[in-house]
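Remarks on the structure that follows.
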Amino acid sequence: MARSPTAVTRRVPGTPVGGGAPAELRASGLWDPVRRGTAFLIAAGVFLAVLALSLAFPNPTPQTDEYYHLLVSRSLEAGRGLRITPEAAPYDRAWLFSLSVYASQQLFGATLGAARIPGALAWAATAGLVAWTLSRRGGLVAALIAAGALGLAVHTLMFSSMVRFYTPQALFVLLAALTLDRTLREWKRGRRGRAAGWLTAASVAAALGLLMQPTTLVPAFAASIWCGLVGLVAWWGWPVRRRAVSAGVTAAVVGLAAAGMWFGGLPGYIDSVTSDTAVWAESNADNTTFYTDRLGLWYRPFWLLLPLWAAAAVLRGGPSAAARRRGLAFFLVMGLVPLLVHSLVPTKAFRYLLYAVPFLFGAAALGMAEALRGVALLVLAGVRTLGSGVGLGRPAARAAGVAAAALAVLLVVGYGFFWRSPGIARGVQMLAGDLSGSPFQRSDWAAASAVLRPRVERAGVVIASAGNKSLWFFGRLDLTLSVALDVDKDPDWLQPQDGRPVITEPEELAAARAAHATGLVIVEDEHWRTPAFVTDAAADWLEASCRPIDLPPGCRLRAFAWGPDPEGDPAEAGAAGGAAGGGGR
C-alpha cells in the first residue's frame, strides 16, 4: 500500500491535517505552528543570538540618563544606598533595575559592559518570547523574521545596549500581555484554576512593568481593549436574554467606574499628562505623526506594507488559520493602540514606544511570512520535479528538499526586505564596526577627561550641562546649567537626582563668577545654543566672559574657564587665544 503523503505532516496536537497546501510544504514546518519542544529550541537560539548582538553592539558613549544607574551602583558600593550624592534624594526611578546593574557589576566587574548586561538580557528574552509565540501561532518563518528585525534594528540594538530600564519594561509588558491572553483562553475552556494562575502571573508582570516605567499604563489600556474584543466575540454567541442581562450589568459597572474616575480627578490628570511638555520635546508637541514618520523612514517594509502583510495572514486558511489570525489581531491591538496614544501625548521620543515594537514587528512578521509563502509555492513544483528526478521520491526526503529550497529562497528575499529598511541596514553596518553613520553620536567625556580633570580639581566652582556625567567622570559638580532641569524657580531648590542647584541665566553665571575666583563650565555640543539647555544668552555670556579650553577633536564638548591661568600650563595659555568653544567639536 502506498504511503500517504500526509503521513509526515507534523501537527500541533488537536489540529487537523489539511489546508490545501502541498504536504511537503506543511511538513517543512515553516508556515504552520510547531511543537512546544521545537518552539523552545527556536526561542533559545533567538535568545542567544540577540544577546550576543546586543553585547557586541558598539556603543562607546552612553546616553545621559544611563549615568544615573551607574552612579547609583557606585553609591550602593559606597554604602549610600540609592542616593547619588549625600545631598540628593534617593534615585528610586526603576530602582529594581538599578539593583540589577549593581549586581551585574559585582559579578562581572565595575565596567560599563557589565552594567549593560541586564538590559541586553531583557531584550534577548523579549525577542526569544516573541519567537516562541510566533512559532506556535504562525510557524518558523514568522518567528525568524521577527527575531531578525528585533535583533538587527539599530534602535533596538541601541536600547538593548543601554544602562536603562526600557528593555526590561518591554519584557514585562510582553509577559503581561501574553499571560493575560492565556488567561482568556483558559477561562474560555472552563479551566478556572489555570486561568487564576495565569491572571496572577499577568498581574505580577504588569506590576514589574509599572515599576520600570509609568507608561506601562498605556499597554494596560491596550490589553483592556483586547479583553473587551475577546469578550465581545464570546458574548455574541450567548442566548439573547443572557446577552441583554450581561450587557446591562456591564454598562452599570462601567458607568460606576467612569463616575468614580471622573470625580476622582482622572480628567485633570489626563489633561496634565497630555498638556505638560518637557522643554526638550516642545518642537514635537503637536506632531501627531512623530512615530509613524520614523517607522516609515527606518523600517519601510515592516510599516508601510503592514496592511498588505495583515491581509495576507487573514486570507490564508488552513488548519492553523485560527491561531494565526488571533495572533495577528493580538499583536495589532497591543502595538497600534500604544502607537496612537503616544502620538497624542506631547512629550515624544522613540524610546517611549520601545515596548510596542515587539508587537508591531510581530504583526508584520506574521503577514510577511504569508507573503513569502507565496514565493515558496512558485518554486515548489520545480523542486518537487527535480527532487523526484534525483531520487527524492519518498515524502520525507521530498519534504526535507522542499524545506531547504524554500528556506534558501526566503533568505534571499528576506535579505532584500531587511536591507530596504534603513534602520536594519544601519544596525548591520554598525555591528560590522562602521560607526560613521551612527545616529547616536554622543559627547565623549572619557576622551576629554585627561584635559579636564586637573582643571576640575583646581576650579573653585564646576558647572556642567550634563551634571551626572561630571559626577561620574570627575566626582565633582557644583551647579547644573540646564533649562530643562530648572523645573522650580525657587533659588533654594535643589535637583533631587544629584542635590545640586540648577542655573539657566547669564546673571546666574555672573553671580557664580563673582563668588569664585576660578571656575570651569563644561557644555555638551548637543546642548549648546538650544532652548532646552544652554540658551543663546548664556552662550553669549560664556564666549564674552570666559576663555575657551582646547579639547581633543571629536569629543563633542566645549569648556570655558575664568580666573588666572595655571602657571606653567602651556595648553591652557594657548587656549586663551583660541576660537570660542574650543577645539573639541
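The values are calculated or read from the model by the stated rules, or taken from the named source; none is laboratory data. Quick caveat, the model's predicted, so the values are computed rather than measured. All Cβ positions, glycine included, derive from the backbone under ideal geometry; neighbour counts span all protein chains shown. Heavy atoms of the whole protein, side chains included, go into the accessibility calculation; ligands, DNA and RNA do not. Shrake-Rupley method; radii C 1.70, N 1.55, O 1.52, S 1.80 Å.
Out of Val249, Val230, report the one residue that is among the hydrophobic types (A, V, I, L, M, F, W, C) and modelled with pLDDT under 80.
Within the list Val249, Val230, the selection yields Val249.
Can you tell me which residues in region 183-200 are in contact with a Leu (Cβ under 9 Å, 6 or more places away or on another chain) and open to solvent by 40 Å² or more (accessible area, probe 1.4 Å)?
The answer is Trp187, Trp198, Leu199.
Scanning region 427-450 for residues that are modelled with pLDDT of 85 or more, more than 21 Å from Tyr67 (Cα to Cα) and aliphatic (A, V, I, L, M), which turns out most open to solvent (accessible area, probe 1.4 Å)?
Per the criteria, the residue is Ala432.
Yes/no matrix, rows are residues, columns are (1) over 16 Å from the mean Cα position of the chain (by Cα); (2) among the hydrophobic types (A, V, I, L, M, F, W, C):
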{"position": "Val173", "(1), (2)": "no, yes"}
{"position": "Arg191", "(1), (2)": "yes, no"}
{"position": "Gly209", "(1), (2)": "no, no"}
{"position": "Gln213", "(1), (2)": "no, no"}
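Please indicate, with yes or no, whether at least one residue in region 481-499 is more than 37 Å from the chain's Cα centre (by Cα), within 21 Å of Ile549 (Cα to Cα) and at pLDDT 90 or above.
no
Go through region 547-563 and report how many residues are surrounded by fewer than 20 Cβ atoms within 10 Å (Cβ to Cβ), touching a strand residue (DSSP E or B) at 6+ places or on another chain (Cβ under 9 Å) and on the phi > 0 side of the Ramachandran plot.
1
Every residue, every condition in (1) touching a Phe, Trp or Tyr at 6+ places or on another chain (Cβ under 6 Å); (2) in contact (Cβ under 8 Å) with a residue 40 or more places away in the chain; (3) not β-branched (Val, Ile, Thr), yes or no:
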{"site": "Asn468", "(1), (2), (3)": "yes, yes, yes"}
{"site": "Asp525", "(1), (2), (3)": "no, yes, yes"}
{"site": "Arg529", "(1), (2), (3)": "no, no, yes"}
{"site": "Ala532", "(1), (2), (3)": "yes, yes, yes"}
{"site": "Asp540", "(1), (2), (3)": "no, no, yes"}
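Could you say which residue among Ala537, Ala544, Ala515 is in contact with a Pro (Cβ under 7 Å, 6 or more places away or on another chain) and open to solvent by 40 Å² or more (accessible area, probe 1.4 Å)?
When all the criteria are applied, what remains is Ala537.
Within the group Ala147, Ala120, which residue is part of a helix (DSSP H, G or I), aliphatic (A, V, I, L, M), open to solvent by 10 Å² or more (accessible area, probe 1.4 Å) and within 26 Å of Pro422 (Cβ to Cβ)?
Ala147
Is at least one residue of region 69-80 surrounded by fewer than 21 Cβ atoms within 10 Å (Cβ to Cβ) and assigned to a loop (DSSP other than H, G, I, E, B)?
Scanning region 69-80, I find at least one residue that is surrounded by fewer than 21 Cβ atoms within 10 Å (Cβ to Cβ) and assigned to a loop (DSSP other than H, G, I, E, B), so the answer is yes.
Residues of region 292-317 being touching a helix residue (DSSP H, G or I) at 6+ places or on another chain (Cβ under 8 Å), small (Gly, Ala, Ser) and touching a residue at least 40 places away in the same chain (Cβ under 8 Å), which ones?
Those that are touching a helix residue (DSSP H, G or I) at 6+ places or on another chain (Cβ under 8 Å), small (Gly, Ala, Ser) and touching a residue at least 40 places away in the same chain (Cβ under 8 Å): Ala310, Ala311, Ala312, Ala313.
Return the total of residues in region 13-35 being out of contact with any Leu (no Cβ under 9 Å at 6 or more places or on another chain) and either modelled with pLDDT of 90 or more or of a type in the set (Ser, Thr, Tyr) (or both).
1
Among Tyr91, Tyr102, which is the only one that is farther than 15 Å from Gln169 by Cα, in contact with a strand residue (DSSP E or B) (Cβ under 8 Å, 6 or more places away or on another chain) and surrounded by 19 or more Cβ atoms within 10 Å (Cβ to Cβ)?
The match here is Tyr91.
Condition test on Val230, is it in contact (Cβ under 8 Å) with a residue 24 or more places away in the chain and not charged (D, E, K, R)?
Criteria met by Val230.
Please find, among Leu30, Leu51, the residue that is of a type outside the set (Phe, Trp, Tyr) and either at positive phi or in a helix (DSSP H, G or I) (or both).
The unique qualifying residue is Leu51.
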